[in-house]
1. Does residue 173 satisfy the condition of being among the acidic types (Asp, Glu) and touching a residue at least 40 places away in the same chain (Cβ under 8 Å)?
2. Which of the residues belonging to the range 169-193 are at pLDDT 95 or above and assigned to a loop (DSSP other than H, G, I, E, B)?
3. Considering only residues that are surrounded by 13 or more Cβ atoms within 10 Å (Cβ to Cβ) and of a type in the set (A, V, I, L, M, F, W, C), which ones fall in the range 172-191?
4. Do the conditions hold for residue 159, that is, is it touching a residue at least 12 places away in the same chain (Cβ under 8 Å), assigned to a helix (DSSP H, G or I) and not aromatic (Phe, Trp, Tyr)?
5. Identify all residues within the range 152-183 that are of a type in the set (S, T, N, Q) and closer than 21 Å to residue 14 by Cα; write none if there are none.
6. Quick one: which residue in 196, 150 is under 18 Å from the mean Cα position of the chain (by Cα) and not small (Gly, Ala, Ser)?
Amino acid sequence: MHTDLLIYLVHALFWGAFVLTRLVLQRQAQTVDMQRTGPVADQPRTAPWSRMLMALHMLAFGVLYFGIGSAVLPDRVPDLFPGQRVAGTLLIAAGAGLMCWALAWFGSWRFRAQVDAGHQLATGGPFRLVRHPLYAGMNLLAIGTAVWIPTPVLGAALLLMLLGSDLRARAEEKLLASVFGNRYLEYCSHTRRFVPGIY
């Protein structure tokens with residue numbers, strides 16, 4: 001077994017941490033109220049084009065996993081620099097940590113950009129650092145994978161992931177601004193979308 005097969009284990013641990021966090025939070029939600037403060041939505045709303053934007057993200061994941069298989073299984077992973085696999089693993093682990101922290105802090109996750117009645121605006125925990133820690137975590141997964149397996153297919157998957165995350169984030173921001181108004185706009189004025197202090 002060559003070492004590049006370990007990327008499947010790293011990805012399994014990434015998704016396993018995400019699913020385990022969700023399961024633990026679902027059990028806790030039955031008995032413990034999350035420690036969140038902030039405005040609450042009074043009615044459900046969904047961002048326009050949310051299904052199409054989600055499909056773009058799914059395409060990114062499809063290309064990502066196709067790219068992994070097409071490089072790893074025939075043992076054609078380019079070596080660009082010493083430690084690229086370790087660097088890729090650390091980026092993927094950082095993405096998993098950020099996503100799990102966001103889930104643990106907010107306890108809410110949906111496929112589509114939507115707000116239910118009673119939805120609270122999250123501005124603490126990882127949301128103090130970036131507006132979209134879940135998408136940032138997915139971006140780190142794609143970046144780490146492209147570092148580990150620097151091929152054109154993984155480069156394309158990374159671009160699709162970044163584009164999908166950015167478009168979905170913008171759709172969510174419009175939705176949240178319409179629901180929470182100035183409180184959300186004020187939060188956006190001092191919190192970046194994906195990279196603290198930069199973007």
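The values are calculated or read from the model by the stated rules, or taken from the named source; none is laboratory data. Small disclaimer: the values here were computed from a predicted structure and weren't measured. Because the Cβ atoms are built from the backbone with ideal geometry, glycine has one as well, and the counts that use them run over all protein chains shown.
1. Yes.
2. Of everything in the range 169-193, those that are at pLDDT 95 or above and assigned to a loop (DSSP other than H, G, I, E, B) turn out to be 191, 193.
3. 175, 176, 177, 179, 180, 188
4. On the way: touching a residue at least 12 places away in the same chain (Cβ under 8 Å): no; assigned to a helix (DSSP H, G or I): yes; not aromatic (Phe, Trp, Tyr): yes.
It is false that residue 159 is touching a residue at least 12 places away in the same chain (Cβ under 8 Å), assigned to a helix (DSSP H, G or I) and not aromatic (Phe, Trp, Tyr).
5. Keep residues of the range 152-183 that are of a type in the set (S, T, N, Q), which gives 165, 178, 182.
Scanning the range 152-183 gives a single hit, 165.
6. Numbers: 150 fails: under 18 Å from the mean Cα position of the chain (by Cα).
Selected residue: 196, the only one of 196, 150 that is under 18 Å from the mean Cα position of the chain (by Cα) and not small (Gly, Ala, Ser).
The rows are residues; the columns are (1) closer than 14 Å to residue 199 by Cα; (2) in contact with a strand residue (DSSP E or B) (Cβ under 8 Å, 6 or more places away or on another chain); (3) small (Gly, Ala, Ser).
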{"site": "128", "(1), (2), (3)": "yes, no, no"}
{"site": "133", "(1), (2), (3)": "yes, no, no"}
{"site": "142", "(1), (2), (3)": "no, no, yes"}
{"site": "145", "(1), (2), (3)": "no, no, no"}
{"site": "153", "(1), (2), (3)": "no, no, no"}
{"site": "162", "(1), (2), (3)": "yes, no, no"}
{"site": "169", "(1), (2), (3)": "yes, no, yes"}
{"site": "175", "(1), (2), (3)": "no, yes, no"}
{"site": "178", "(1), (2), (3)": "no, yes, yes"}
